[in-house]
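Here the structure comes first, spelled out in structure tokens, and everything after it is commentary.
The values are calculated or read from the model by the stated rules, or taken from the named source; none is laboratory data. Everything quoted here is computed from the prediction, not taken from an experiment. Cβ placement follows ideal geometry from the backbone for every residue including glycine, while neighbour counts extend to all protein chains displayed. The accessibility values were calculated without ligands, DNA or RNA, using every heavy atom of the protein model including side chains. Shrake-Rupley method; radii C 1.70, N 1.55, O 1.52, S 1.80 Å.
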Amino acid sequence: MVVMGKLTPAQVDEYFEKHLPYRTGILLAHYRMTRKPWTGDVSTLNACFVASLVTGRLFLNVLGVGKEGGQLCPFRSRGDDVNAKDLGGKFIDLATLPQPDKVLFTGFLKMADKAAAHFTIPMTHDWSKTHEVILRIQYHLKVNLYDHTDRRFNDAMP
């Protein structure tokens, strides 16, 4: 069995066939659920919102984007973390990332950390930008991972 970095070719294929689509569905669930007025259980809607925050943070980390001291920085992955390069893709280049995306990603990572992943003292977060950020993350997944590896990205967006 040939090993490419941390993953074998079969493991890379498994990520593209199973894990990435599964997580992309979670990333987009709240966005899709709110394209028309929601009539279901509000707890389900809220759970999907929080799941989209955590999954968005995961994908930004996979794409090499982290946050330190309130600023974007390259994500420091641990030895067992799988990232875009492990899958044959490339990281987001923070030096060429447009300023509006930097602002969106910074606020989103702060919100995902403080409002979703941890209980913290009360602070305000701009919830209204969440879907915009999620769609930007989806774009970077397509360009930096799927397009870069010549794989079809089926986002199933309505």
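Here's the yes/no breakdown for (1) assigned to a loop (DSSP other than H, G, I, E, B); (2) open to solvent by 30 Å² or more (accessible area, probe 1.4 Å); (3) under 22 Å from THR106 (Cα atoms):
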{"position": "LEU27", "(1), (2), (3)": "no, no, yes"}
{"position": "THR39", "(1), (2), (3)": "yes, yes, no"}
{"position": "PHE49", "(1), (2), (3)": "no, yes, yes"}
{"position": "GLY56", "(1), (2), (3)": "no, no, yes"}
{"position": "LEU60", "(1), (2), (3)": "no, no, yes"}
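The condition of being closer than 26 Å to GLN11 by Cα and either open to solvent by 40 Å² or more (accessible area, probe 1.4 Å) or in contact (Cβ under 8 Å) with a residue 60 or more places away in the chain (or both) holds for only one of SER77, SER43, SER128, that being SER77. Scan segment 62-72 for residues that are in contact with a strand residue (DSSP E or B) (Cβ under 8 Å, 6 or more places away or on another chain), in a strand (DSSP E or B) and of a type outside the set (Lys, Arg) and the total you get is 3.
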